[in-house]
Amino acid sequence: MKTFNLHAKLKLLKMTMQKISIGLLLFLLFILKAEGQTKGLMNTTESPFSLMQSTDLEATRFTGGFWKERFDVCQHTMVPFMWDIFNDAERSHSFRNFEIAAGLYEGEHDGPPFHDGDFYKWLEGAISVYAINKDPELNQLIDQVISVMQRAQREDGYIHTPVNIAERNRPEEAVAFAERLDFETYNLGHLMTAACLHHRVTGKETLLNMAIKAADFLLHFYETASADLARNAICPSHYMGVTEIYRTTRDPRYLELAKNLIDIRGLVTNGRDHNQDRIPFRQQTTAMGHAVRANYLYAGVADVALETGDSTLLKPLDLIWKDLVQSKVYITGGCGALYDGVSPDGTTYDQPSIQLIHQSYGRPYQLPNLTAHNESCANIGKLLWNWRMLQLTADTKYAHWLEQTLYNSILSAVSLDGKRYFYTNPLAVNNDLPYELRWSKDREEYISHCNCCPPNVVRTVAQVNNYIYSLSENTLWCHLFSDSQLKTELPEGGRIELRQKTDYPWDGKVVFEIADAPASNYSIKLRIPDWADDASISINNKGTKPVQAGSYATLTRKWKKGDLVTLEMPMKTRLIQAHHLVEETRNQVAVQRGPLVYCLESPDMPEGQRIFDFALSARSTFTPVPMQMEGSKIMALEVDALLINTEEENALYRELKSPGDWPKQKIRLIPYYAWNNRGPSEMSIWIPLR
Ligand SMILES: [Zn+2]
């Protein structure tokens, strides 16, 4: 027995030493990685299947123009104004829930179960702003917030304030993971994403340690949970979060966790198309169900694919993406057309198997305008997904939809003053609609029923600078245009610094001025947008050459300080028509100039006339007219439109009176993102064609 005990002890000691050395090794690796790690939104430096990597969060700074203005509104209004709301327990329990869970206040949880996630998204926005402005007061606020959250977290890493508060007040009722719709993993995912950025920006480990503890809790949870509980994944932001924790720590257990999370979805026995789990992900071919849940799932799967290259994940991602852009996305990039509907996606078409869905993708070409749901979070999820697909493929089609979505269905979600937000992003508003839609027609400061979108918009606007450039070996990729300055170390050593001078999106001329570049041959890849026919590039104002729309133009040479690259993209105003199966837009056109989709809005209509009274001719010519709105520069478009409908009749059907010559009248269109900034209004993107 003694011998056995000694052997057992020696074995135990050996195993312990092995564990310690593995732990020590991982820790040392973590320190080493942390020092050299790219500090962008994603750290794909070591991701074997990523064709590019992010620049540091602070590498690109806006120096003027469109995005400087939006970022300034974000740092001076969006972040502090939302903090004031989140920190005012009379209006929102978003932060008070953490304070109660931390034992600083007595009270009960208030707000939806995903309220913690709302707060983490705001925190991520604040961290992203701090990356640029290094405001010590903001840093202090972030530290204070984290110290409260640390006190709210359980020793085992679990943090979910509805349960943490119940544990204080009524321990017998406190049950973790009691309901699929408790959104615990969704909240934890946002914590992990925010924590990785906080570590990259500040070097601190306070929030990261919280997130690692939470990830360890999930590891343990999935090892021990019942099958039903383990398969719970509503709105899986944690696929992105856990993968980013892996990228930050390089601890392979987290990548295994992320992979397993996708695999166990396929084991759900009573799944729903609404939650994309009626059939295993690997068998899916179409965008289905709740659009936020769907897009977060697709983005998370793409994250895992960046690490594993798993073709059984890439194939459905490709098919679903094609289904989306070929039949289910709005011209604005918005997606998730339906307030409510049904889905037979995961079955044969037998009646009893048809399931209810809401805030959801519809059937192909089912794209209503007045009742378009297009939740701001779904549009942001689509941006996150496209960004990851771009890393996987370097295909400009993903950058195209990233830009289209950013300008036309994410910016639309926030007012120009940065204080009010949309939950839904319809393509038309008509005050005659004889029923109320579930969500407000006007932006609101705080969407009391469900405030998930506003902080999601805050973090996205705060992070636009990180979507402009990527790096790969000997190559700088430029995806978006903005008046800005880039200063970055290169993965292969050396640096590049350049200024981008432009009045984009109002003007299509972009000048890149090189300030510093490697001594050897180096490539700059400029994205030529899909709409930019007749674009051209010259270097040092010589040898203008045409470049292909919908591609990356590659410029390779030994760059020297002062070199100029001039990209000219003619900003034509274009009329866009939809596929003939989109019933709601038959015989109508939308107006797009550069990346911006335009709309008619009632404040611009002549006295006594409504936006629905006008049509455009296919030969319409548009004149760009600068205007100011809320102190913001906007390029409106003026056009001679046809006055087609001044009758007041309210019949469902009526005879078309002889058209005669429709009189012409000059009217104005504004960029869609800027609508609803002049009080309640009617609006339409699609305009009849005569
Ligand atoms: Zn939302």
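Table: residues versus (1) away from the ligand (no atom under 16 Å from the Cβ); (2) open to solvent by less than 10 Å² (accessible area, probe 1.4 Å); (3) hydrophobic (A, V, I, L, M, F, W, C).
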site	(1), (2), (3)
Arg363	yes, no, no
Leu367	yes, no, yes
Asn374	no, yes, no
Cys377	no, yes, yes
Leu390	yes, yes, yes
Ala394	yes, no, yes
Lys397	yes, no, no
Tyr407	yes, yes, no
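Would you call Asp483 open to solvent by 10 Å² or more (accessible area, probe 1.4 Å), in contact with a helix residue (DSSP H, G or I) (Cβ under 6 Å, 6 or more places away or on another chain) and within 18 Å of Phe62 (Cα to Cα)? Here the answer is yes, as Asp483 does meet what is asked.
Where in region 586-656 are there strands (runs of 3 or more DSSP E), lying fully within it, with 1 or more residues that are open to solvent by 10 Å² or more (accessible area, probe 1.4 Å)? Show your work before the answer.
Details: elements: 588-593, 596-601, 622-629, 632-643.
Because the criterion is at least 1 residues that are open to solvent by 10 Å² or more (accessible area, probe 1.4 Å), the strands (runs of 3 or more DSSP E) in region 586-656 that meet it are 588-593, 622-629, 632-643.
With respect to being part of a strand (DSSP E or B), surrounded by fewer than 18 Cβ atoms within 10 Å (Cβ to Cβ) and either of a type outside the set (Phe, Trp, Tyr) or at positive phi (or both), Arg574 fits the description.
Could you please give the count of residues in region 537-556 that are part of a loop (DSSP other than H, G, I, E, B), crowded, with 17+ Cβ neighbours inside 10 Å and not hydrophobic (A, V, I, L, M, F, W, C)? Number of matching residues: 0. Check whether at least one residue in region 161-168 is of a type in the set (Val, Ile, Thr) and touching a Phe, Trp or Tyr at 6+ places or on another chain (Cβ under 7 Å), and report yes or no. Yes, because at least one residue in region 161-168 is of a type in the set (Val, Ile, Thr) and touching a Phe, Trp or Tyr at 6+ places or on another chain (Cβ under 7 Å).
Examine region 333-347 for a residue that is within 16 Å of Leu383 (Cβ to Cβ), at pLDDT 95 or above and away from the ligand (no atom under 16 Å from the Cβ), and state whether such a residue exists. Before you say what the answer is, go through the steps one by one.
As a first pass, look at region 333-347 and keep what is within 16 Å of Leu383 (Cβ to Cβ): 333-336.
Filter once more, so that each one left must be at pLDDT 95 or above: 333-336.
Cutting the leftovers down to away from the ligand (no atom under 16 Å from the Cβ) gives us none.
So far as region 333-347 goes, no, none of its residues is within 16 Å of Leu383 (Cβ to Cβ), at pLDDT 95 or above and away from the ligand (no atom under 16 Å from the Cβ).
Return the residue satisfying two criteria in turn: it lies in region 195-220 and is hydrophobic (A, V, I, L, M, F, W, C) and in contact with a Gly (Cβ under 7 Å, 6 or more places away or on another chain), and of such residues it is nearest to Gly40 (Cα to Cα).
Going through region 195-220, the residues hydrophobic (A, V, I, L, M, F, W, C) turn out to be 195-197, 201, 207-208, 210-212, 214-215, 217-219.
Next, only the ones that are in contact with a Gly (Cβ under 7 Å, 6 or more places away or on another chain) stay: 214, 217.
Values: Ala214: 22, Phe217: 26 Å.
Taking the candidates together, the pick is Ala214.
If I ask for residues that are of a type in the set (S, T, N, Q) and within 24 Å of the chain's Cα centre (by Cα), which ones from region 250-289 would you list? Steps first, please.
Just the residues of region 250-289 that are of a type in the set (S, T, N, Q), to begin with: 260, 269-270, 275-276, 283-286.
Of everything in region 250-289, those that are of a type in the set (S, T, N, Q) and within 24 Å of the chain's Cα centre (by Cα) turn out to be Asn275, Gln276, Gln284, Thr285, Thr286.
Screening region 354-378 for residues that are outside any loop (DSSP other than H, G, I, E, B), among the hydrophobic types (A, V, I, L, M, F, W, C) and over 21 Å from the mean Cα position of the chain (by Cα) and picking the one that is nearest to Phe612 (Cα to Cα) gives Ile357.
For (1) without any contact (Cβ under 8 Å) to a residue 40 or more places away in the chain; (2) within 13 Å of the ligand (Cβ to nearest atom), each residue gets a yes or a no:
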{"position": "Arg420", "(1), (2)": "yes, no"}
{"position": "Asn431", "(1), (2)": "no, no"}
{"position": "Arg443", "(1), (2)": "no, no"}
{"position": "Ile447", "(1), (2)": "yes, yes"}
{"position": "Asn451", "(1), (2)": "no, yes"}
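Of the helices (runs of 4 or more DSSP H) entirely within region 223-301, those holding at least 1 residues that are surrounded by 24 or more Cβ atoms within 10 Å (Cβ to Cβ) and within 16 Å of the ligand (Cβ to nearest atom) occupy 237-249. Apart from one condition, Pro352 fits all of (1) away from the ligand (no atom under 16 Å from the Cβ); (2) at pLDDT 95 or above; the exception is (2).
Do you know which residues across region 525-536 are assigned to a strand (DSSP E or B) and over 13 Å from Pro570 (Cβ atoms)? Break it down stepwise before answering.
Keep residues of region 525-536 that are assigned to a strand (DSSP E or B), which gives 525-528, 536.
Passing the criteria: Lys525, Leu526, Arg527.
Report yes if His198 is assigned to a helix (DSSP H, G or I) and under 18 Å from Lys121 (Cβ atoms), otherwise no. Yes. Selection over region 164-183 of residues that are within 24 Å of Gly300 (Cβ to Cβ) and either open to solvent by 10 Å² or more (accessible area, probe 1.4 Å) or in contact (Cβ under 8 Å) with a residue 60 or more places away in the chain (or both) gives a count of 7.
Does region 320-327 include one or more residues that are modelled with pLDDT under 95, away from the ligand (no atom under 16 Å from the Cβ), open to solvent by 20 Å² or more (accessible area, probe 1.4 Å) and over 12 Å from Asn425 (Cα atoms)?
Initial filter on region 320-327 (modelled with pLDDT under 95): none.
No, region 320-327 has no match at all.
The values are calculated or read from the model by the stated rules, or taken from the named source; none is laboratory data. The structure presented is a predicted model; accordingly, all values stated were derived computationally and were not measured. A quick note on method: Cβ atoms are made from the backbone with ideal geometry, for glycine too, and the neighbour counts reach across all protein chains shown. SASA here: full protein model, heavy atoms, side chains in, ligands and nucleic acids out. Shrake-Rupley method; radii C 1.70, N 1.55, O 1.52, S 1.80 Å.
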